[in-house]
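Data block below; observations after.
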Amino acid sequence: MDPLGAAHTQVGFELFKKLNKTNQDNIFFSPMGISTAVGMLLLGSQGAASSQLQKMLCSEKDTSSKIKTEEKEMGRHKTEEIHQQFQKLPRDLGDSTSDFELKIANRLFGEKTYLFLQKYLDYVEKYFHASLEPVDFLNATDESRKKINSWVESQTNEKVKDLFSDGSLSSSTKLVVVNIVYFKGQWDREFKKEDTTEEEFWLSKSLSKPVPMMTQCQSFSFTSLEDLPAKILGIPYKNNDLSMFVLLPDDIDGLEKIIDDISPEKLVAWTQPGRMEQRTVHVHLPRFRVEDSYDLEAALGTRRAPREPRAQGSEHPSSSGLHAQKFLHKSFMVVTEDGTEAGAGTGVGFAVTPAPGCEDFLCNHPFLFFIRHSDSDSVLFFGRFSSP
């Protein structure tokens, strides 16, 4: 797995585990969006802030020991490799087609009276294709906030609104780093609307809610895990460039019991083509919508991390003491018979008997899901569906 794909998976699952401890409802966010924002911040950080951000993008085995000079050098090269992959990410993901739309966009909004290091701006432009747009945080804070929100909204087909809420920015704001990820795709084989029926979704063994349950019986990538009581299904979108994977515990209350045994490395290994096999599966998947927003400073442990918009290797002394004022993420996802629409800004009873010889994959209790790009192994979106 390439370092960038590993970084998306690492950021996504580590954040999920932290959110899972305090959030009992649905969880949904974009690992790609968050790791891209972290990558842009990392370009302009040094010292303790740089080490802290680097740990988010690299696995523990890459960052657990950085005392020796040569080990620090290895970490720097790993970070440089990730930045180079960010640079070619749009090309790796391919262009949108008539079957799906995929957009990744980055932008810096900077106080017009503030002098940013040109080398930092050049690096962000080079690796993240992000230009700097001057705004007037000093005298027109709210107008600047609305301008940023308007850009995010326009880039996500008007689905992600008000990323920065009223009062979240101030006249002392100097720089806002923004990333958006937007995806809209059709299933490779759509669920027929006439086959959707109302079924019970079990929040616990004693509590359920009726949901519109989509069904179809087709050949899918499928595996039953040997080391955990769960199974995984891959549902491809048209062109098979992207797929949604669903990790479904065997038991209604089984998800919390196995979360501590799941790791980013295991998720990657379980869903590799060599591990999954094509099986005829009778899928029951809720039609659902998830939407959420997070203040990521506490979740990612960056509340006290100073950030300086300076280029790596720059010898200019710090003069501004820039620090993270807000680290916000807002996302949405809609799953229907036709396919999926999802976007994020950062800065899913009636008994149905399965056909003979057909695996039954009944998503009628809490499950994990993620959308991944097959060639780059990049995780665009990750979530837990537990509350219709």
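Tell me the net charge near residue 360. Cut-off is 12 Å between Cβ atoms, residue 360 excluded, with +1 for each Lys or Arg and -1 for each Asp or Glu.
Numbers: positive: 231, 279; negative: 250, 359.
Overall, the nearby charge balance is 0.
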Each residue of segment 136-151 in order: what ³J(HN,Hα) in whole Hz does its phi give by Karplus 6.51 cos²θ - 1.76 cosθ + 1.60, θ = phi - 60°, with x for Gly and Pro? 10, 5, 5, 10, 9, 4, 5, 5, 5, 4, 5, 5, 5, 4, 5, 5
Links that overshoot a 22 Å alpha carbon limit, given the list 147/184; 17/266; 184/231; 159/184: 147/184; 184/231
With the crude spin-label approximation of a point 7 Å out along Cα→Cβ, what separation in nm comes out for residue 162 versus residue 291? 1.0
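Roughly how many debye, to the nearest 20, is the charge dipole of segment 174-223 about its Cα centre, given +1 on each Lys and Arg Cβ, -1 on each Asp and Glu Cβ, and no other charges? Show your work: numbers first, answer last.
Numbers: 7 positive and 7 negative charges, 79 e Å.
Value, rounded to 20: 380 debye.
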Place a point 7 Å from the Cα of residue 207 in the direction of its beta carbon; the residues of segment 271-296 whose amide N falls under 17 Å from it are none
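Just so you know, all these numbers are worked out from the coordinates, no wet-lab data involved. Not measured: the values here are computed from a predicted model. A quick note on method: Cβ atoms are made from the backbone with ideal geometry, for glycine too, and the neighbour counts reach across all protein chains shown.
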